[in-house]
Every structure is written in structure tokens, then in C-alpha cells.
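Colleague: First the structure, then my questions, so here it is.
The values are calculated or read from the model by the stated rules, or taken from the named source; none is laboratory data. Quick caveat: nothing in here was measured; it's all calculated off a predicted structure. Cβ atoms come from the backbone with ideal geometry, glycine included; neighbour counts cover every protein chain shown.
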Amino acid sequence: MTTGTELPPPNLPGGVGQLPEVHLDPQMLRQLAEAQVNVELDTGDMILNLGPQHPATHGTLRLVVRLDGERVIAADPVIGYMHRGYEKLTEYRTYPQITTLINRIDWLSSFANEVPFIAGAEMLMGIEAPPRAQYIRTILTELSRIATFLLFLGEMGLQVGAITPAFYGFRDREYVLNLIEAVTGGRFHPNFNRIGGLKDDLPWGWNSDTRTTMRKVLESCDEFENLVVGNPIFEQRTRSIGIIPADLGAAYGVSGSNIRASGVDWDLRRDGNPHLPYNEIEWKVWTHPDGDSFARYWVRLQETRESARMVLQLIDQMPSGPIMSKVPRIIKVPEGEVWVNTENPLGEMGYYIVSKGATGPFRVKIRSASFSNVSILPWMLRGVYVPDIITILASLYFILGDIDR
Amino acid sequence: MPGAEVEATESSVAEATASTIVESGALDDAATQMLARLEAELGDAIVEHGATYGDVVVRVRPDAWRRTATFCKEELGCDYLSFVSAIDWMPTPAIVDEGSGDTSTPAQPKETTYGVAGSGGRFQVFAIVASTRGAHQRVVLKTDLDDAQPHIESWVPVYPGADWHERETWEMFGIVFDGHPALRHLYLPFEFEGHPLRKDYPLLAREVKPWPGLVDVEPMPGEDSDDTDAAAVEAS
């Protein structure tokens, strides 16, 4: 669309209409003028409201972002849309009733939430779950980790514009959820742990099913590696985006795969209190030195593989025997305090239980992983471009129930 | 036959039963060493210390709260902030009448008792810091607050992650953190009144409606005195 020679005088430095003495194509001149206007135009800050409903937020996280053009000046996460007051509710419930509540904190890996609380109550009571129960707990914790991470591996691709990995992720997660459902009867909220052991033993034929599925998971990890990690577009969108420095991340309380992707060799399965028999199998803690979104994806991919290998080993080594130890009929927990934290799929999950010798706890402080992982967002998002917000949110991988409790 | 596929030998079972229970008051060498360093640095700022299942619990004077954090981060290598929160040691008010048979709410003791390392009053702020390196040690820190106007130094200058934890503690317990950049509501609506995690704040859901599990409880056979059905059976 040419406009002829009758152009309005362009607003160039040196005065209006003072054209430089060079011959310029009118079309090009207009473009030049527009570019100049863009630079000189005072673009005021814009406030962008992201959420509370966005697929990248796994619930209802709202981000109030102050933008200068495409760049973020400040970001303020607004949380609390799903706050259910679990810390108050635990004070009005008995210990066995509380497992139902804490299932719903991080609903993608509910089984892993139950374990530290039950372990804390068991420590206070001086009860120990039988070895077989501990093995089954470990297997189910790792299965929920695999299910959670498979969703991440697929969904992270989706957030940067690739839809195929999402289908693979959901498909493979379904196999793992079927395994959890076969044991516990619940896909999302198993409520399977009891103080002193487990509700039931493994069903007939479950071990061979699990072996098959774990091989499938290992194959699908290779698939993700080829499809996503090796993809140049994915690398461009994630490399050096959203870097968490190791020391700052630790001071913010960032834990789990997020901090391991910043090169911190710290895994509560290995370094925490031994609630579960992780020291009886061969496995490795994966770290990545970069600390960017790509590193977080890569670490979770390796950890999914590692978990599948762990499950295979645990099944091979599983002892026989009872799944419940002797527990009094009415559960009264002696007076005391205990801090139990475990490596949840999303990071450090802990319960500080204060008991006064009643059937219910006096106070339970629930330390959830996503809360601290997300609290670094205002720092991380400063200076990034708008599309990278989504990449960063997806790569941090949080569950709103785990933030809001 | 659930365990049939597993070929578990006797030895592997014996290995797996190795005890994981930690004695309540015992501390290992690393924890004892850390406690000694804390005592050497803070001196009489430490009011009391204790141990719970292998964790060191140190209760410091309120004026040394931030100094403790700085020391833990800079010298002890506890670079990781797990959380900051609070406890209200006031006894839980009973919401059900005693002897009414309502077991929906666990009956808590009526007298005030304090936990590990004690407390100087009703409100206590406590936090856990840990190390992501080396021996991965951790320590539970507690400090006492004024009952009427609870306030304490903020940890945000030391651990930036304390920001959200302190905002949560502020709105849930009404504890003011001096020097916090912006004590705003985190979870609750802006116009919310009261501090829900204080013990004297009632759980309104239980106040307005009885525990639903209680409504449809049928009496056990022979338990109820005016069992008309049984009387009718006997009469016929």
C-alpha cells in the first residue's frame, strides 16, 4: 500500500519537516518515522491482571503484573482464593480424621502428603510401621511422584506452545494413577495410611502390573527427552529464563527439584530423617548447575526415571510380613512436639505437630512446598518478558492447594 | 496371597527392620556441636534449650531474635528457611459439654502447659532453619512475645523468604513483625477482622451446626434405655 509523495512532515530530530539531504523511499521514511514515534512515545506502566484462572496456575493464582511495554517491572502474586484453613481444622479433629484433610493439600500427590504426618504421629506414639508397610509407603510415594512429574513433563511443553507432550503426559499418568487406584481405591485422595501401618496390602498381581508400567514410564521418559528436551524451540523458550541463584533460592525456602536445578545437592529422601527405607536401594540425586527453566525440566525428567527405577528395586526387595503394627484402639498421642519433613514431589513438605496428650493435635504447622517456591516469584519475574511469565510459572510447578492450604 | 510374588529372604527382612525410631531427648554429635556454637555465640540470650526427636530446640530472648537468624545463616550455614510461624499456648476452649457424649472434637487439657524448651507466655513465634549443604543440620528456634501486644523483629532482611510467612503469621495470630516491608493480608480478604489461628477465635462452622457425623448415630443395641422396639418384642 503506497501512499504517494504527499507525506506529512515527519517528526525527526532537527525540527519538523527538516529532512536530511538524502533521497529516501517514502514508504521507508514513514516506517522510520513510526519507529521514532514508538521510541519517543511515553508508554506509561500498564497493570496486567493474570488469573485467577489460568491453565498455568493449577488452580487460582492471580498475578498482578506491572508492565513497561513487554517487560515486567513488578509482579505481585495474590493468593488465598483456595484457603481452607487446614491448620485451624486440624485442631478440631482426631489424628485419623486429619489424613483426610491433608490429602487435599497437594492433590496431585496426596499419598506423599499423608506420610510425614502419619510418621510424626507414629514417632510421638513410639510406634513403628512394619517393614512391608514402609516399603509399600515408599512405592506409593514414588508412584505419586511419577504421576505428578509426568503431568509436569507434558504440561510444561503445553505452556511453551507444544501440545503433543501434554497428551503423552496425561496418557502415561493415567497408567500410574490406575496403579494407585488399584491399591488404595482412590485416584486422587487415597487416605490409605493408618497410624502404625496401612489400610490394606497390595492386591493380587499388582507387582507385575507395576513392573510393566514402570518400563512404560521409562520409555516415555525417553520419548519426552527426544520430543521436548531436544527441541530447539523449547530450548530457546526455557534456556536462561527464570534463573534462581542457589543461595537466594535457599533463603526464600525454595526446595525440591527447583533448588536441585540450581545445583544444590540436597534431597530429603537421602539427607532427611529416615522415615522410609530409601537407604536400602540404589539411587542417585540429580542436580543441574544452570538454575533456569530448562534445568528444572531436565531435573524432573531425570527424577521421574530415577523414581521408576526405585519402584522396580523396591518391588524386588519387598519383605513379606504384616502391614499393621499393634496400635491402641483409641489413638491418643502423648505430649510432645515433633517436626517431620519429607521430600514431596513439589519440595519439602513438613508438619510440626504439637501434641498435649489428647486424641487430636494441639497445633499443626503445615509447611507446604509450593508456598515457599512461589514466594520467590516477585523477585524472579522482575525484568522478564510477558510470555516468559508463563514459562516460569510452569517450570516452578506448584499446586494451588499446596500454596493456600 | 499378597506377598506371594516377592522372594524375600530372611536376611533382607532383618535388614529392613533396622529401627528408625529416634529417642525423644537424644541428640547426635553434629546437633550437640551446633548447640554448643549457638550457646557460645548467643550466651545468655538463650533462655532455654531442649531436644525433640533429634532436633535442637532453642528458645531465645525476643531482642536476640534477628541476631539469632543472622548467626544461623552466616555462621552455622543454615542458609535455608523452612518456615516462620507461631503457637498460641492458651488452652483450647471446650466447645462441647463434658459428659454429653459428643466426641466430635478432641478434648484438650484445660491447664496451660508449654512444649519443648518452654514458653514465657501465651504467644510464641517459632521457625525452622536448615542447611542445604554439608551435614544438612537444622534447628528449631523459638521466642516469647508480649501477650497484650505481640510484636517481634522481622526476619525479612536476613531471609527474604520470611516475607510471606510473616504476613501469614500476622493475619492468623495478630503478631506484628517490626521492620517487615508490607504487612498485608495474604490469605484472608482485606476487610477480615480477627485472627483465626488464635485459640479464642471460634471455629464458626462448628458453632452454628453440630458435627454432621453426630446426627445420624444410631444407638448401639442394648445401649439406649428407652428402647421401644425391644420392649415391644418382649411384650409380644
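Colleague: Mind listing whichever residues of segment A:293-317 are charged (D, E, K, R) and either touching a strand residue (DSSP E or B) at 6+ places or on another chain (Cβ under 9 Å) or over 16 Å from A:Ala133 (Cα atoms) (or both)?
Modeller: Selection gives A:Arg296, A:Arg300, A:Glu303, A:Arg305, A:Glu306, A:Arg309.
Colleague: Additional query: Taking the residues in segment A:168-214 that are free of Cβ contacts under 8 Å to residues at least 60 places away in the same chain, of a type in the set (Lys, Arg) and assigned to a helix (DSSP H, G or I) as candidates, determine which candidate is nearest to A:Ile98 (Cα to Cα).
Modeller: Looking at residues that are free of Cβ contacts under 8 Å to residues at least 60 places away in the same chain, of a type in the set (Lys, Arg) and assigned to a helix (DSSP H, G or I), I get A:Arg173.
Colleague: Residues of segment B:89-130 being modelled with pLDDT of 80 or more and among the aliphatic types (A, V, I, L, M), which ones?
Modeller: Correct list: B:Met90, B:Val116, B:Val125, B:Ala127, B:Ile128, B:Val129, B:Ala130.
Colleague: Continuing with this model, one more query. Could you tell me whether B:Val129 is at the interface with chain A (Cβ under 9 Å from one of its Cβ atoms) and either buried (at least 18 other Cβ atoms within 10 Å of the Cβ) or part of a loop (DSSP other than H, G, I, E, B) (or both)?
Modeller: When the stated conditions are applied, B:Val129 does not pass them.
Colleague: Let me ask something else about it. Out of the residues in segment A:127-142 that are within 25 Å of the chain's Cα centre (by Cα) and more than 15 Å from A:Phe117 (Cα to Cα), state the one that is nearest to the other protein chains (Cβ to nearest Cβ).
Modeller: A:Tyr135
Colleague: For segment A:312-333: of the residues being more than 14 Å from chain B (Cβ to nearest Cβ) and touching a helix residue (DSSP H, G or I) at 6+ places or on another chain (Cβ under 9 Å), which is surrounded by the fewest Cβ atoms within 10 Å (Cβ to Cβ)?
Modeller: Among them, the one singled out is A:Pro328.
Colleague: Let me ask something else. Identify, from the list A:Gly161, A:Gly169, the residue that is surrounded by fewer than 19 Cβ atoms within 10 Å (Cβ to Cβ), closer than 22 Å to A:Phe398 by Cα and of a type in the set (Gly, Ala, Ser). Reasoning before the result, please.
Modeller: Values: A:Gly169 fails: surrounded by fewer than 19 Cβ atoms within 10 Å (Cβ to Cβ).
Unique residue meeting the criteria: A:Gly161.
Colleague: Considering only segment A:353-362, I want to know if a residue exists there that is hydrophobic (A, V, I, L, M, F, W, C), closer than 14 Å to A:Arg405 by Cα, in contact (Cβ under 8 Å) with a residue 24 or more places away in the chain and buried (at least 24 other Cβ atoms within 10 Å of the Cβ).
Modeller: no
Colleague: Starting from residues that are of a type in the set (Asp, Glu) and more than 10 Å from chain A (Cβ to nearest Cβ), keep the ones in segment B:137-181 and report whichever is farthest from B:Asp63 (Cα to Cα).
Modeller: Of everything passing the filter in segment B:137-181, B:Glu166 is farthest from B:Asp63 (Cα to Cα).
Colleague: Checking A:Ser293 against (1) surrounded by fewer than 22 Cβ atoms within 10 Å (Cβ to Cβ); (2) within 30 Å of A:Pro387 (Cβ to Cβ); (3) among the polar types (S, T, N, Q), only one condition comes out false. Which one?
Modeller: Condition (1) is where A:Ser293 drops out.
Colleague: Further, regarding this structure: Can you pull out every residue in segment A:237-263 that is surrounded by fewer than 24 Cβ atoms within 10 Å (Cβ to Cβ) and either in a loop (DSSP other than H, G, I, E, B) or more than 9 Å from chain B (Cβ to nearest Cβ) (or both)?
Modeller: Listed by number, the residues that qualify are A:Arg237, A:Arg239, A:Ser240, A:Ile241, A:Ile243, A:Pro245, A:Gly263.
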